[in-house]
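Beneath this line is the structure, given in structure tokens, with notes to follow.
Throughout, read-outs are computed from the coordinates displayed, never taken from laboratory work. Keep in mind it's a predicted model, so treat the numbers as computed, not measured. FYI the Cβ positions are ideal-geometry reconstructions off the backbone, even for glycines, and counts take in every protein chain you see.
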Amino acid sequence: MKVRFLSAGDRALVVEFGDRVDRALSKRVLRLDAVIRSNPPIGIVETVPTFRSLTVYYDPLLTSRAELQRLIGVLLDLEERPRPSARLWHVPACYEGEFAPDLEEVARLTGLTPGEVVALHSGTRFHIYMLGFLPGFPYMGDLPPQLALPRRADPRLRVPAGSISIATSLTAIYPYESPGGWHLIGATPIRMFDPERLEPALFSPGDAVAFQPIDPAAFASIRRAVENRNYEVESAPVAI
Amino acid sequence: MTPGLKVLASGLHTTVQDLGRIGYQNIGVPVSGALDNFGLRLANALAGNPQGMAALEILVSGPTLEIATDTARLALTGTGASLSIRGETPRIVAAGQSVTLRRGEIIQIALGPQSACCYLAVEGGIAVPRVLGSASTYVRAALGGLNGRALQRDDVVPLAITCASERAELRAPSPPVPADQSIRVVLGPQHKYFRKEALAALLDAEFRVSKDADRMGMRLDGPLLRHRRGWDIVSDAMATGSIQVPGSGQPIVLLADHQTTGGYPKIATVISADLPLLGRRRLGDSLRFISVELETAEELCRKVEREFTELVAALEPAPSDSGLDIGTLYGENLISGVTTGFE
């Protein structure tokens, strides 16, 4: 259970479990996060779990790195720890036409048919390693190895909100229109981030996601329901 | 019409900011908030507000605002900045003191040559809704502030009260300007990804603020910082002040609106006591870094906080008509000598 403690200035302590995208590492990161959140030591401002580390932001007026490192060391050694809770989300995804501008190219690059790409993507249950880049942007993995591709050589200036994308071993959904370099193989009509909601981001780190193919007509009707705040994404509790 | 401050000209980038949106970085929401939090807090203290209230952050060039409420008490902070007031009694009020203005008066905010940012607080605060606990504007996701964006002409910045309280104006004593303006950093978290020469260059060379600077970050011109172990790391979380170095070798200092996570190594991180200095640097300004130990950085954070508390405790009543007559000001060439802003 060896971890590395690294300072990112005098307000952030990085607890690093490793340097890979790896489910076992992610599990340890999310566990420590859950322990800290269940009973935050004095001076901790917030925590951010990532693929392989937990960054603990703190207030040096109230605590210090030395004190936090000692406390976190104790928390890491505890045997009885709260298990983080998580949900499995069933996300409607349209993999057709204008919603999937890069599907043909991905098929060509991977040597698969578009149908095989969709079957592989929608047949995988993904783990949400972390949220970042934009509010509510989930980094999910792992893709079946047949779908692994580097990022696009020429990033797009505008990726539409709701785009479902793949790159390296990961898949993601763009919550907002933004520049982006991943391959766009589909789109979802659901709203990923809404500051008016009690939980503004739909997903939390540690949740699971499965995509359910829908046709453009279903996309349009779900989109209308979402706009009327009359749609709830199907989900169920799961273990991380 | 809504009572408030009517925007006649917006300035380059004027936004509503407070001390930031705390507790949502885990879902990808940047902290945002004032680039110079001491400037914001002092402006609020002068206006008679709690220090963390929302105020206007003014970058590079200032707005022109008309008082569209009965009376409003304003306080501007920022080294060398000033309010010029048009109306029945034209006058200039230097940054670092409060002033009460009447309906119809027009203020133009000018920044001095020493600082790229200043803060305008209004007694009672700015009446915009808090989004995720903060009024700070984050333009990329249209969160907070006035409709999630920078001020535009014809906006009205809504104010919480329509009439200033009856009391003396306050001013801040001029603090000494430190001679050495080097910016202190703590090495890491990924300094081991860099060659020895890159670490030496970071601490020995002079850098300049490039034209690619905004509230997310400041790209620096200067020597390229070369990596030793590749520049693509598995993404991790980022801290304000961290100096990330992409493949080009050109460093970027992360500021208040930075993304929560990123995949480039961070060679060093500016200590929190010196973050306000970064926000004040202008295009082309030079920058030198010196490294301190982490324990020193934590102690400096406590020290500047103590000094700031003392400064706020030492706010003093301003003379009843402390506005300078414009003729006198030019006649005595006082403009460059006015340094009542907090430094």
Exercise for review: Given a cut-off of 32 Å, name the pairs among A:Lys2/B:Lys196; A:Lys27/B:Lys192; A:Lys27/B:Lys303; A:Lys2/B:Lys211 whose C-alpha atoms lie farther apart than that in the structure shown.
Suggested key: A:Lys27/B:Lys303; A:Lys2/B:Lys211
Exercise for review: Find out how many positive minus negative residues lie around A:Cys94, taking Lys and Arg as positive, Asp and Glu as negative, among other residues whose Cβ is under 12 Å from that of A:Cys94.
Suggested key: -2
**Study point:** Among B:Cys163, B:Cys117, B:Cys301: highest mean-square fluctuation, GNM of chain B, C-alpha pairs under 10 Å
**Key:** B:Cys301
Point to revise | Reachable aspartates and glutamates from B:Lys266, criterion Cα separation under 13 angstrom, eight or more residues apart if same chain | key: B:Asp232, B:Asp236
Review point. Could you name the aspartates and glutamates in cross-link range of B:Lys6, using Cα to Cα under 15 Å and dropping any fewer than eight places away on the same chain?
Key: B:Glu66, B:Asp70, B:Glu105, B:Asp154, B:Asp155
Revision key, fill the gap. Checked segment B:183-299 with the C-alpha gyration tensor, a ≥ b ≥ c its square-rooted eigenvalues, rounded below a/c of 1.5, otherwise prolate if a/b is larger than b/c and oblate if not; verdict rounded
Exercise for review: Starting from the alpha-carbon convex hull of chain A, give the projected area averaged over all orientations, in nm².
Suggested key: 14.0 nm²
Study note, to complete from the structure: Inter-part gap, Cα centre of segment A:151-197 to Cα centre of segment B:133-153, in whole angstrom, is 23 Å
Practice item. Enter the Cα centre distance for the pair segment A:11-31 and segment A:42-73, rounded to the nearest angstrom. Key: 13 Å
Point to revise | For segment A:203-239 versus segment A:91-120, the gap between their alpha-carbon centres in whole angstrom | key: 19 Å
Check your understanding: Roughly what angle does helix B:294-313 make with the longest principal axis of chain B, taking Cα atoms, 0 to 90 degrees, to the nearest 10?
Key -> 0 degrees
Review point. Residue-wise, which Karplus ³J(HN,Hα) couplings in Hz belong to segment B:199-215, taking 6.51 cos²θ - 1.76 cosθ + 1.60, θ = phi - 60°, and x for glycine or proline?
Key: 5, 5, 5, 4, 8, 9, 8, 9, 10, 10, 5, 7, 6, 8, 9, 8, 6
**Study point:** Footprinting exposure proxy for B:Lys196, B:Lys266, B:Lys6 (fewest neighbouring C-beta atoms within 10 Å first)
**Key:** B:Lys196, B:Lys6, B:Lys266
Check your understanding: Going by the alpha-carbon gyration tensor, a ≥ b ≥ c the square roots of its eigenvalues, is the protein assembly as shown rounded (a/c under 1.5) or, if a/c is not under 1.5, prolate (a/b greater than b/c) versus oblate?
Key -> prolate
**Study point:** For chain A, calculated [θ]222 nm from helices alone, where every DSSP H run of n ≥ 4 adds -39500 (n - 2.57)
**Key:** -7500 deg cm²/dmol
Exercise for review: Be a star and scan segment A:181-207 for residues whose amide nitrogen sits under 16 Å from the point 7 Å along the Cα-to-Cβ vector of A:Arg224.
Suggested key: A:189-190
Exercise for review: Would you please name the trypsin sites (Lys or Arg not before Pro) within segment A:56-127 that are DSSP coil residues with at most 15 other C-beta atoms within 10 Å of their C-beta?
Suggested key: A:Arg125
